[in-house]
């Protein structure tokens, strides 16, 4: 064994990694896979894997809204959302192929119980109003995540892929906001459904970005500038935007506006656990370990929803 030669190779590799890291720290964009050293490679791969797989799960979730869609226009809106989100998975999946994984792998060659997504994607949609509120609140949360990558990611191909995705996410948020306002003003029954949807979905938005900054152990996304905003930064951006939207319509939320700071602040316990069977929140501060365990366990469609996708059992409720 030529240990001296191996040491030289390792040293050269380390020098290259340090040189690329300095370029990243100087806000230079990385275009070539030749410059994606091992740690950077793994951080990018993990980010793309989770993002693409989460996009796929929108199909299994949004599909459950068909039965309550009030008319053909609503059905088309659900179909368009599914088509967009699967397209987002494809966009990021094409990038993922550079890292040794394909969309087929993360969709069909995976244990359904181990699919990575946010917990709300594993709860069936209660009604079309809840679907619209999900777009208004949770697509708003997702848009902040994807906007961060488009504006701040050091890996140039990933930035470019997010341009189309963010255009469509803007449409989803706008569609949801329009119909939430419509149903709020339509009748006492639909107003109650809007408030019920907000009560259920708003706390999901507070945990959308995962652990608070002081509890995170994986630092690669920020170190290698795959993201520019931390979890807490994005959570606050979402809170300010979501509260402004809800307050403008008159929808109640567990937050108040501080006239001194000119900012919205949560008034509910954070984080909280939910009761999956009753779809209600337990109004007391929970331990983050318990919250993470619940997020990983998922909702009632875990693993049945993704298992059904793998069997390609979709479409019979469409029309």
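Here segment 234-254 is the region considered, the condition is being touching a strand residue (DSSP E or B) at 6+ places or on another chain (Cβ under 9 Å) and surrounded by 20 or more Cβ atoms within 10 Å (Cβ to Cβ), and the residue that is farthest from residue 186 (Cα to Cα) is 239.
Okay, residues lined up against (1) under 19 Å from residue 49 (Cα atoms); (2) surrounded by fewer than 18 Cβ atoms within 10 Å (Cβ to Cβ); (3) touching a helix residue (DSSP H, G or I) at 6+ places or on another chain (Cβ under 7 Å):
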position: 81; (1), (2), (3): no, no, yes
position: 88; (1), (2), (3): yes, no, yes
position: 96; (1), (2), (3): yes, no, yes
position: 111; (1), (2), (3): yes, yes, no
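Residues in segment 257-274 that are over 24 Å from the mean Cα position of the chain (by Cα) and either loosely packed, with under 12 Cβ neighbours inside 10 Å or closer than 23 Å to residue 174 by Cβ (or both): 258, 259, 260, 261, 262. Only residues that are in contact (Cβ under 8 Å) with a residue 40 or more places away in the chain and either surrounded by fewer than 19 Cβ atoms within 10 Å (Cβ to Cβ) or more than 11 Å from residue 29 (Cβ to Cβ) (or both) were counted across segment 149-161, and they come to 7. Contact map, segment 72-88: residues that are free of Cβ contacts under 8 Å to residues at least 40 places away in the same chain paired with residues that are surrounded by fewer than 20 Cβ atoms within 10 Å (Cβ to Cβ) and assigned to a helix (DSSP H, G or I), Cβ distance under 6 Å, separation 6+ or inter-chain. No pairs are found.
Modelled with pLDDT under 95, surrounded by fewer than 21 Cβ atoms within 10 Å (Cβ to Cβ) and either part of a helix (DSSP H, G or I) or out of contact with any helix residue (DSSP H, G or I) (no Cβ under 6 Å at 6 or more places or on another chain) (or both): is that true of residue 74 in this structure? Break it down into steps so the answer makes sense when it comes.
Details: modelled with pLDDT under 95: no; surrounded by fewer than 21 Cβ atoms within 10 Å (Cβ to Cβ): yes; either part of a helix (DSSP H, G or I) or out of contact with any helix residue (DSSP H, G or I) (no Cβ under 6 Å at 6 or more places or on another chain) (or both): yes.
No, not satisfied.
For the criterion of being in a helix (DSSP H, G or I), more than 26 Å from residue 82 (Cβ to Cβ) and free of Cβ contacts under 8 Å to residues at least 40 places away in the same chain, residue 293 passes.
Would you mind stating whether residue 45 is within 26 Å of the chain's Cα centre (by Cα), modelled with pLDDT of 95 or more and within 26 Å of residue 97 (Cβ to Cβ)?
On the way: within 26 Å of the chain's Cα centre (by Cα): yes; modelled with pLDDT of 95 or more: yes; within 26 Å of residue 97 (Cβ to Cβ): yes.
Yes.
The values are calculated or read from the model by the stated rules, or taken from the named source; none is laboratory data. From a predicted model like this one, the values you see are computed outputs, not experimental measurements. Heads up, the Cβs are rebuilt from the backbone with ideal geometry, glycines too, and the neighbour counts pull from every protein chain shown.
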